[in-house]
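Q: Before I ask anything, let me first share the structure, which is written out below as structure tokens.
The values are calculated or read from the model by the stated rules, or taken from the named source; none is laboratory data. In this text, all values refer to a predicted model and were calculated from it rather than measured experimentally. Glycine gets a Cβ as well: all are built from the backbone with ideal geometry, and neighbour counts include every protein chain shown. The area values use the complete protein model at the heavy-atom level, side chains included, leaving out ligands, DNA and RNA. Shrake-Rupley method; radii C 1.70, N 1.55, O 1.52, S 1.80 Å.
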Amino acid sequence: MRQTLPCLCLLAAAVLAAAAPAQARTLRIDGKSGYLSEWEVKAEVTAKVSRGREEFSGPVTLRHVGACSPNGAVEKSGTLKFHISKSLWSSQIHATLLIDGAQCTYNAKMSKNSSGFMDCPGGASVPLTLSVQ
């Protein structure tokens, strides 16, 4: 009986370790938006596996850093969500930014510095560059 007690303790420890949630992967996103790169983009996103793929989401802040801000820097907050699809030849980032009730989408070739246009309501296509760190 005494010999089985250490085995039961080890088994219980193994079960508890397996049941503990895995550390979620967090990424920092930096970027620029606008025709003159007048908006600074910053986000910290966390990964979750959903429908068999890794999806990232988290708060995003857009800060106007252009010279034409007479009352100081304007800041907008929202949510950034994205996933990355991979093929044999390249990877694509598929993102949604929700800012002030407006939903913009962004699809571009994934690299350390991804550049493209985000499509926003009203037909606006706004330049966006994202850097994933």
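Q: Restricting attention to the range 96-125, which residues are in contact with a Lys or Arg (Cβ under 9 Å, 6 or more places away or on another chain) and open to solvent by 30 Å² or more (accessible area, probe 1.4 Å)?
A: Once the filter is applied, which keeps residues that are in contact with a Lys or Arg (Cβ under 9 Å, 6 or more places away or on another chain) and open to solvent by 30 Å² or more (accessible area, probe 1.4 Å), the range 96-125 yields Thr96, Leu98, Asp100, Met110, Ser115.
Q: Counting just the residues of the range 114-133 that are touching an Asp or Glu at 6+ places or on another chain (Cβ under 9 Å) and among the small types (Gly, Ala, Ser), which one comes out farthest from Gln103 (Cα to Cα)?
A: Ser131
Q: Would you point out the residue of the range 51-70, among those that are closer than 20 Å to Ser33 by Cα and open to solvent by 70 Å² or more (accessible area, probe 1.4 Å), that is modelled with the highest pLDDT?
A: Pro59
Q: Given the criterion without any contact (Cβ under 8 Å) to a residue 12 or more places away in the chain and either in contact with a helix residue (DSSP H, G or I) (Cβ under 9 Å, 6 or more places away or on another chain) or of a type in the set (D, E, K, R) (or both), identify the matching residue among Lys112, Lys48, Lys86, Lys76.
A: Testing whether each residue is without any contact (Cβ under 8 Å) to a residue 12 or more places away in the chain and either in contact with a helix residue (DSSP H, G or I) (Cβ under 9 Å, 6 or more places away or on another chain) or of a type in the set (D, E, K, R) (or both) leaves just Lys86.
Q: So, one more: Quickly run through the range 35-79 and pick out the residues that are in a loop (DSSP other than H, G, I, E, B), under 21 Å from Ser125 (Cα atoms) and among the charged types (D, E, K, R).
A: Within the range 35-79, Glu38 is the sole residue that qualifies.
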